[in-house]
Amino acid sequence: MTNKKDFPLLTSQEKAWFIETDAYEYEESDFETANLADWPDELAFFELMEREDPDFDEKFAGWFAFVLENELWLLLEQSCDQGQLLSPEMRFSRLTTCPKDMQMSFDNLLRACPGHVLHKVARVFFYVVRIDRVNRGRQPDWRPADGPFEYPEKIDWLIKYQPRRYSN
């Protein structure tokens with residue numbers, strides 16, 4: 001993640017990525033709900049691979065943890081349409097305003113995660129992020145151009161420089 005002291009130097013859409021990522025608060029029940037989503041017919045092959053992979057649960061748990069540790073949930077959600085990963089060209093166009101440091105871990109996920117696991121992880125986070133957005137009173141659809149472009153007043157890590165007074 002970008003050094004947070006550099007936050008004021010980001011473009012407004014780059015700021016929106018960080019703000020929307022930081023706003024995300026999940027609950028376990030959201031994941032249970034997202035797991036109920038059916039595999040689209042176009043992805044039936046990946047569903048079959050999931051069922052035939054004896055180590056699927058372990059792989060899924062590992063990549064799921066990777067997404068949480070690297071805060072990739074928003075990139076996954078933005079890279080999907082109705083829970084399906086978009087083509088590389090469409091993902092690229094959706095993520096053009098995303099800060100490059102956020103994309104580095106995401107690129108690792110796309111390269112290293114097995115396809116059937118990646119599609120399941122993407123589908124789950126697509127729905128969970130949208131559930132959270134609705135729970136926060138926002139529309140489920142979000143694009144960086146929608147903002148918000150500034151953090152709320154009370155944010156701990158955004159420290160403003162205040163000169164120290166040595167005299168009274």
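The values are calculated or read from the model by the stated rules, or taken from the named source; none is laboratory data. Source: prediction; values computed, not measured. Note: ideal-geometry Cβ built from the backbone for every residue, glycine included; neighbour counts use all protein chains shown. Accessible surface is based on the protein model in full, side chains and every heavy atom, while ligands, DNA and RNA are left aside. Shrake-Rupley method; radii C 1.70, N 1.55, O 1.52, S 1.80 Å.
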Q. Among the residues of the stretch 79-115, which ones are crowded, with 20+ Cβ neighbours inside 10 Å, at pLDDT below 95 and not hydrophobic (A, V, I, L, M, F, W, C)?
A. Gly83
Q) Between a first residue in the stretch 129-142 that is more than 20 Å from Ser79 (Cβ to Cβ) and a second residue that is part of a helix (DSSP H, G or I) and open to solvent by less than 70 Å² (accessible area, probe 1.4 Å), which pairs have beta carbons less than 9 Å apart while being 6 or more apart in sequence or on different chains? A) Asn135/Asp30; Arg136/Ala23
Q. Filter the stretch 118-137 for residues that are more than 13 Å from the chain's Cα centre (by Cα) and either under 19 Å from Gly62 (Cβ atoms) or hydroxyl-bearing (Ser, Thr, Tyr) (or both); which is surrounded by the fewest Cβ atoms within 10 Å (Cβ to Cβ)?
A. Leu118
**Q.** Among the candidates Leu43, Leu75, residue that is in contact with a His (Cβ under 7 Å, 6 or more places away or on another chain), assigned to a helix (DSSP H, G or I) and either of a type outside the set (S, T, N, Q) or modelled with pLDDT of 95 or more (or both)
**A.** Leu43
Q: Select from the stretch 1-26 the residues that are of a type in the set (A, V, I, L, M, F, W, C), outside any loop (DSSP other than H, G, I, E, B) and surrounded by 12 or more Cβ atoms within 10 Å (Cβ to Cβ) and write down the one among them that is modelled with the lowest pLDDT.
A: Phe7
